[in-house]
Amino acid sequence: MPPAVSERPTRIVVDLDHLAFNLRSIRAHVGVPVMGIVKANAYGHGLVPVALHLQAQGVEQLGVAFLEEGIALRQAGVTAPVLVMGGIFGRQVTQFISHDLEITVSSLDKLRLVEAAAQALGRKAVIHLKIDTGMERIGVHSYSARPFIEAAVASPWCVLKGIYSHLACSDDPFSPMSAQQLERFLEACAHIERIGAPMPIRHLANSGGVLHFPETWLDMVRPGIMLYGVQPDPASRHAVDLKPVMSLASRVVYFKVVKAGNPVSYGATWAPEHDTRVVTVPIGYGDGFPRALSSRGEVLIRGQRYPIVGRVCMDQFMVDIGQDSAFNEDEVVLVGSQGDNAISVEALAQRAGVIPYEILVGLNDRIPREYSLREYRGGP
Ligand SMILES: *Cc1c(COP(=O)(O)O)cnc(C)c1O
C-alpha cells in the first residue's frame, strides 16, 4: 500500500532550515555543546524528523522526557547520545541500557536499581545525576548530595557522564532564584572535585538560562523552546537571533452571510450588529487549537487580519470577514505570516491566556506535518 497522504487542508509546516538556523545561533551565542530538547513530540514539531535534522546538524546530544520517547528515537535510527530527563522506574532500567539511552539518576535508591540492572545485564549504564537546587521536582537536594555523589562515583556499573539541575525561574531575567540555584549546583559539583573524581558534564541552562544567565551555560546547555524559534516568556530578552520553525494553516471550507443579530456557534455567545460575511475554518480544539480563543483569536486570510467569532468547536471555527471577500479553499493562516501580516505562537498564547509551550505541544496528531528544506545539503 502506498503511504497514506493526508488531504487534510489543515497542516503544520515545519521549517527545518529555521531549526538549523536556531541551533547555529544558540551555538554561536553560548560556545558550548548543545543538548537539543525534543520531548513532547519535539514541542509539537514531530519527534523523529526534528531529531534527525538536529543530528544531521551535529547537535552533541538530544534530550527527551521519558523512556518511550528515547526508544522511538533509537528505532528511527537516531544514533546521537540521548538523555532521558524524567524519573525512572526500576523495571525500565534494562530497556534504557539495551537501547543505549542515558539515564537520569535522581536518588540513591534509583542509583542502586540502575546498578542492579546493569550488573544483571553485564553492561554498564550511562548516567547523569540530577541535583535539586530549588525546583523541588526530582533530584537529590544539593544540601544532602554528598553521599549520593560519592556512591555514583564509586559505582562499578555506572559511567558518570553528567551532572545536572533545572532552573525554576530562568524565564525571568530579574529573578534572584537562578543565581541561587547556580551557586547550589556548583557547590554540589565541587564535591566531585574534592573527592578527586573526574568532573562529568555539568549542565543547567534551559532556554531561559541561555537567554539570560551566561554563568549557567557551564559545559552544555539544554535549550528546548528556543530551538523552535519561540521565546519562553513575554518578559524574555531577545538575546539570540531566532526564526520561527512552525507555521499552522488551514483553508476556508464554507462562506455565508450571517444576518444582524443571528448568533454564531455553540452557546450563541456572539452575533453581528450588521449583516456580515462569515467563513468557516476546519480546525478546532480537537486538534489542540485552544478553545480559549473563542471570540478572542485572529487569523490571516488574503493578507488581512480577521477575528474568530463565537466559540471554537471541536473541529471548526468561524471568522468574521466583514464586507471583504474570501473564497472556498483560500488559505487561512493561524500561526505564521501571510502578506505583510504575521501571527506568532507567542501572540496566540497571550490571547489564549496560556504559555507558548502549551500551544506548541497541544497541536496533536490529527494535524499532518510537512517538512520544508531549502538549503543545499551538499553531497554528490
Ligand atoms: C523541558 C526541559 C528543558 C528545556 O526547557 P525550555 O524552557 O524549553 O528550553 C531543559 N531541561 C529540562 C530538565 C527540561 O525538562
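The table below gives the values:
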quantity: Residue list for the stretch 39-52, filter: open to solvent by less than 10 Å² (accessible area, probe 1.4 Å) and without any contact (Cβ under 8 Å) to a residue 40 or more places away in the chain; calculated: VAL50, ALA51
quantity: Checklist (1) in contact with a Pro (Cβ under 8 Å, 6 or more places away or on another chain); (2) open to solvent by less than 20 Å² (accessible area, probe 1.4 Å); (3) within 13 Å of the ligand (Cβ to nearest atom); (4) not basic (Lys, Arg) applied to ILE192, failing item; calculated: (3)
quantity: Subset of the stretch 143-169 (residues that are over 30 Å from the mean Cα position of the chain (by Cα) and among the charged types (D, E, K, R)); calculated: ARG146, GLU150
quantity: Hits in the stretch 150-187 - residues which are surrounded by 23 or more Cβ atoms within 10 Å (Cβ to Cβ) and more than 16 Å from the ligand (Cβ to nearest atom); calculated: ALA152
quantity: Unique match (being open to solvent by 60 Å² or more (accessible area, probe 1.4 Å), touching a Phe, Trp or Tyr at 6+ places or on another chain (Cβ under 9 Å) and within 16 Å of ALA326 (Cβ to Cβ)) among ARG311, ARG291, ARG277; calculated: ARG277
quantity: Extreme residue, farthest from the ligand (Cβ to nearest atom), among residues of the stretch 82-106 that are part of a loop (DSSP other than H, G, I, E, B) and in contact (Cβ under 8 Å) with a residue 40 or more places away in the chain; calculated: GLY87
quantity: Residue in the stretch 53-71 that is within 12 Å of the ligand (Cβ to nearest atom), surrounded by fewer than 18 Cβ atoms within 10 Å (Cβ to Cβ) and not small (Gly, Ala, Ser) present; calculated: yes
quantity: Qualifying positions in the stretch 243-274 - of a type outside the set (Ser, Thr, Tyr), under 25 Å from the mean Cα position of the chain (by Cα) and open to solvent by less than 30 Å² (accessible area, probe 1.4 Å); calculated: VAL245, MET246, LEU248, ALA249
quantity: Selection count, the stretch 99-125, where residues are surrounded by fewer than 19 Cβ atoms within 10 Å (Cβ to Cβ) and in contact with a Lys or Arg (Cβ under 8 Å, 6 or more places away or on another chain); calculated: 2
quantity: Residues of the stretch 19-43 classified as within 12 Å of the ligand (Cβ to nearest atom) and either closer than 21 Å to GLU346 by Cβ or part of a helix (DSSP H, G or I) (or both), total; calculated: 9
quantity: Identity of the residue in the stretch 209-225, under 16 Å from MET85 (Cβ atoms) and part of a helix (DSSP H, G or I), that ends up nearest to the ligand (Cβ to nearest atom); calculated: ILE225
quantity: Qualifying position, being acidic (Asp, Glu) and over 18 Å from ARG11 (Cα atoms), among GLU273, GLU298; calculated: GLU273
quantity: Strands (runs of 3 or more DSSP E) contained in the stretch 295-362 and holding at least 1 residues touching an Asp or Glu at 6+ places or on another chain (Cβ under 7 Å) and hydroxyl-bearing (Ser, Thr, Tyr); calculated: 304-309
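The values are calculated or read from the model by the stated rules, or taken from the named source; none is laboratory data. What you are looking at is a predicted structure, and each value in this text was computed from that prediction instead of being measured. Cβ atoms come from the backbone with ideal geometry, glycine included; neighbour counts cover every protein chain shown. For accessibility, only protein heavy atoms count, side chains too; no ligands or nucleic acids. Shrake-Rupley method; radii C 1.70, N 1.55, O 1.52, S 1.80 Å.
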